[in-house]
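Below: the structure, in structure tokens.
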Amino acid sequence: MTSQEMIALCKKHTLYTWAAQDAVDPLAIASAKGVYLYTVDGQRILDFNSQLMSVLIGHGHPRVIAAMQKQMETLIYCYPQTATEPRAKLGKVLSELLPGDIDSFFFTTGGAEANENAIKIARQYTGRFKILSRYRSYHGATNATMQLTGDPRRWASEPGAPGFVRVMDPVPLEFSFGATEEEQTKNHLIYLEEMIQYEGPNQIAAFFIEPVTGTNGVLIPPKGWLAGVRALTRKYGILLVCDEVMAGFGRTGKWFSFEHGGLVGDQAPDIVTMAKGLTSSYVPLGAMGVSAAIADYMRSHVFSGGLTYNSHPLAMACAVSVLEVMKDEKMVENAAAMESVMRREMDRLTARHQSVKEARAIGLFGMFDLRKNGTGGPPHGRPGEMIAPYNGAHPAMGKLGKFFRDEGLFTFMRWSSFSAIPPLSITEEQLCEGFAIVDRGLDITDAVFEG
């Protein structure tokens, strides 16, 4: 097909996510390799977003493709009540990879289903109904996970399922819990404990968090916050559920982002949900990992969850191969090493472009926030209003997105921000190639800066 034929048929017969269908202007992608996408018309595009923050090992890795081909020749599908070799292998690999005593897993087709089942099992295990989550969060687009989600994407699904209580983040959009990280942590934990009291500690089953928030801004928690949350949840018998769908599997320079906050050993979360990087999105797969205490409870209690594609052999084999590639090619280590390059380039562009309000990164997990006004300030977190309102738009952001696309850079743009979340296989040269395009593009937002 030509790109025009492909786009016309896709728009006529399929629905695109989070968009009015007439406004969709999709890229016609023909192939992908490494950190690059290739359009039907032959344009090479640097994948600066790992597609949907998920193709961690890069596109078309030959070892993974070979493992998938081998599995397809023997057993593609088998119903969930069977035992298969790839299921056995993946469970063992994950039990060795996850910290603490998280060594039992339920496999799904994605992150939202992993979170749905985490809600179920948390309620069943604790006998409590309420679930806490944060406003600047996203946990999926299914019925329950939409209410678990805090950002505006949930609005269209309201009124939704009952029992969900949202709290402010330690670093909210405008309000501040303190000028320093220590103040933010101290004051937010006081606020959080008060919220727990309001809702009834014996009514709350679990607190769901993204240890490093993803689509709502790559928000890195202030120092001590994760450890403080762990202490609070333990104090009140509330399960801590870490949503590692986006930040897990090396994205932040560690295998799991909660490790940055010391949640290892006996401080590890009670439940961890995963997807995206688990198979590098070569095939759909999610997982929910639970602690030994929860797993032991389920040995004599019926787990009321099921999926036709639970523990799909092809997905299991793919995941095993992806994790082997990440270990053998030291991609987690590369993400940690490339953080300094990311930080260097972000600092350079922040100093050069007055429209940059803040640029932050942990590992290869980065985000730029753009502003429309402001006067000076420190290199990061400069004062001024965001270029677009919350859940809003600005014409310059549309122009910036078009510039990136025309110049061969694919990234995720939302409201006043855009991401720098490339595959973990990226080199310093390729990373700088992307930032060179960003550098030129920021002239567009500088031009509308109001001073």
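So which residues in region 302-318 are farther than 11 Å from residue 80 by Cα and in contact with a helix residue (DSSP H, G or I) (Cβ under 6 Å, 6 or more places away or on another chain), if there are any at all?
305, 314, 316, 317, 318
Specify the residue that is surrounded by the most Cβ atoms within 10 Å (Cβ to Cβ); the eligible residues are those in region 219-244 that are closer than 16 Å to residue 365 by Cβ and out of contact with any Ser or Thr (no Cβ under 7 Å at 6 or more places or on another chain).
Taking the candidates together, the pick is 242.
Examine region 320-329 for a residue that is modelled with pLDDT of 95 or more, at negative phi and assigned to a loop (DSSP other than H, G, I, E, B), and state whether such a residue exists.
yes
Residue under question is residue 275, and the condition is that it be aliphatic (A, V, I, L, M), touching a Pro at 6+ places or on another chain (Cβ under 9 Å), more than 30 Å from residue 232 (Cβ to Cβ) and buried (at least 24 other Cβ atoms within 10 Å of the Cβ); does it hold?
no
Looking only at region 168-207, which residues are surrounded by fewer than 16 Cβ atoms within 10 Å (Cβ to Cβ), at pLDDT below 95 and of a type in the set (A, V, I, L, M, F, W, C)?
Once the filter is applied, which keeps residues that are surrounded by fewer than 16 Cβ atoms within 10 Å (Cβ to Cβ), at pLDDT below 95 and of a type in the set (A, V, I, L, M, F, W, C), region 168-207 yields 173, 175, 179.
Restricting attention to region 278-333, which residues are buried (at least 16 other Cβ atoms within 10 Å of the Cβ), over 19 Å from residue 119 (Cα atoms) and of a type in the set (S, T, N, Q)?
279, 280, 281, 311, 321
Could you say which residue among 30, 23 is under 18 Å from residue 413 (Cβ atoms) and out of contact with any helix residue (DSSP H, G or I) (no Cβ under 6 Å at 6 or more places or on another chain)?
Unique residue meeting the criteria: 23.
Does residue 143 fit the bill of being in contact with a Ser or Thr (Cβ under 7 Å, 6 or more places away or on another chain) and either surrounded by fewer than 18 Cβ atoms within 10 Å (Cβ to Cβ) or touching a residue at least 60 places away in the same chain (Cβ under 8 Å) (or both)?
It is false that residue 143 is in contact with a Ser or Thr (Cβ under 7 Å, 6 or more places away or on another chain) and either surrounded by fewer than 18 Cβ atoms within 10 Å (Cβ to Cβ) or touching a residue at least 60 places away in the same chain (Cβ under 8 Å) (or both).
Can you tell me how many residues within region 431-441 are touching a strand residue (DSSP E or B) at 6+ places or on another chain (Cβ under 7 Å) and of a type outside the set (Val, Ile, Thr)?
The qualifying residues number 2.
If I filter region 244-257 for residues that are more than 21 Å from the chain's Cα centre (by Cα) and within 18 Å of residue 134 (Cβ to Cβ), do I get at least one hit?
No; the residues of region 244-257 include none that is more than 21 Å from the chain's Cα centre (by Cα) and within 18 Å of residue 134 (Cβ to Cβ).
State all residues of region 265-318 that are over 18 Å from residue 245 (Cα atoms) and part of a loop (DSSP other than H, G, I, E, B); if no residue qualifies, say none.
If the condition is that a residue be over 18 Å from residue 245 (Cα atoms) and part of a loop (DSSP other than H, G, I, E, B), then 299, 300, 301, 302, 303, 304, 305, 306, 307, 308, 309, 312 are the ones that fit.
Anything in region 50-83 that is part of a loop (DSSP other than H, G, I, E, B) and at positive phi? List them, or say none.
58, 60
The values are calculated or read from the model by the stated rules, or taken from the named source; none is laboratory data. Everything quoted here is computed from the prediction, not taken from an experiment. Neighbour counts are summed over all protein chains in view; Cβ atoms, including those assigned to glycine, are modelled from backbone coordinates with ideal geometry.
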